[in-house]
Amino acid sequence: MRVVFVIQGEGRGHLTQALALHEELNKYGIKLLAVVVGKSTNRQIPDFFINKIDAPIVKLDSPNFVFDSKMKGVNMPATILKNLKKLPAYFKSVKKLSDILRQYDPKLVINFYEPLVGLSKVLNKNPYPVFSIAHQYIFEHPKYIFPKGFISERLSIINYTKFTSKGSLRKYALSLYDLNSTVDNIKVIPPLLRNGIYNLVPEDKGFILVYLLNEGYLEEIRQFKLMNPTLEIHCFTDKKNLEIDFELEPGLWLHKINDILFLEMMSKCKALLTTAGFESIAEAMFLAKPIIMVPLKGHFEQYCNSRDAANAGAGIYSDTFSFATHTREDGSFKSGWCIETDEQLAELYYALTQRKLIL
């Protein structure tokens, strides 16, 4: 069995999920031939991914968000305009993707929410079978509950999500809780978490852990720290030219994104403060850590994630990073869906190892 991964490179979540799946596939002798990452001008592929994926990596131009000048939210009009202007470059990326797949000739393409895969099915009639895996596929599930209102945003994200998986044999929707159903070729499975998290023993060392992919909110966190000098805060960010560890203010540490250190500190923190990316929420939920979620402005997906996770008992959401008023006892928070022995996840691996491309 030989596979190629195609991964959306915006954010850490899809890259981390791909690493987790790669760890499992190795156990079954499934060969990862190559990895194609849809690159973003806003992000760099993290070193931890490059060092651990153990396969050739090809970067291709792909649609991505444009953020506002303060790096605090998504500028949707600018996002649409930029991606329309770059359509010729995306068509070239589709051609390159087709060339890569012909070169490696995989038995299966595993797509982590990269729209180039859907575009390749439309333009080039890509003949390779595809499994699509992402938490966003839960948006297509009839049992998923969207926040009230936001009709146009809801239609937009559902249609975009469907497009990313165009022509897929099966869609695996990562979820924080069990919906116990397969509908319209969508199989609900637990989050894909890396093996290292299972060895961690949660404890409370009293500090706040912050995961901040967009550095625009650093000033808010800094101001809060100045007003609360006794509080210890450790913030992981992709801020450019950042040293591995840097003390911005006494007791306020900035860390370059590091997967091992981040999980270790998550196991020891009092609570996690984060924008509402799915992967960090799932990791904190697994470790039963309280979460304060602040979705990026204009980012409807994160808005949905924050409400969905709160409904699942993971924590609370807020519109700002001024988290002084957000307090809640740990006992009222729930841990996540059991992952390690879950039969739904085992079914995915069985489908891959037995070459049963339609479950």
**Q.** In the stretch 239-308, the trypsin sites (Lys or Arg not before Pro) that fall in loop regions by DSSP, at most 12 other Cβ within 10 Å
**A.** K240
Q) Can you give the % of DSSP beta bridges in the stretch 196-332 that are antiparallel, to the nearest 5? A) 15
Q. Working from the pairwise distances between different alpha carbons, so that the mean of 1/r is found and then inverted, what is the stretch 23-134's Kirkwood radius in Å?
A. 15.6
**Q.** Karplus (6.51, -1.76, 1.60) ³J(HN,Hα), θ = phi - 60°, over the stretch 278-287, in Hz, Gly and Pro reported as x
**A.** 5, 5, 5, 4, 5, 5, 5, 5, 4, 8
Q) Quick one: if the Förster radius is 51 Å, what FRET efficiency do T320 and L169 give, using the C-beta to C-beta distance and rounding to 0.05? A) 0.75
Q | Residue order, fewest to most beta carbons within 10 Å, for K187, K52, K143 | A | K143, K52, K187
Q) Beyond 21 Å, what percent of the Cα pairs of the stretch 196-332 remain? A) 37
Q. Working out 0.36 nm times the residue gap between K143 and D245, then minus their Cα-Cα distance, what length gain in nm do you get to one decimal?
A. 32.4 nm
Q | Extension reserve of the I57-E264 stretch, reckoned as 0.36 nm per residue once the Cα distance is removed | A | 71.8 nm
Q: Using the number of other C-beta atoms within 10 angstrom as an exposure proxy, rank T237, T182, T320 with the fewest first.
A: T320, T182, T237
Q. How much length, in nm to one decimal, is gained on full extension between E219 and D184, taken as 0.36 nm per residue of separation minus their Cα-Cα distance?
A. 8.1 nm
Q: Over the stretch 196-332, calculate the relative contact order: mean separation of alpha carbon pairs under 8 Å at least 6 apart, over the residue count, as a percent.
A: 23
**Q.** Per-peptide average of other Cβ atoms within 10 Å, ordering 163-170, 151-158 highest first
**A.** 163-170, 151-158
Q. If each residue's Cβ is checked for other Cβ atoms within 10 Å, how do R194, R102 rank with the fewest at the top?
A. R102, R194
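Any read-out appearing in this document is the output of simple, stated calculations on the displayed coordinates, not a laboratory observation. For clarity, every value in this text was computed on a predicted model and none was experimentally measured. Glycine also receives a Cβ, built like all others from the backbone with ideal geometry; neighbour counts cover every protein chain displayed.
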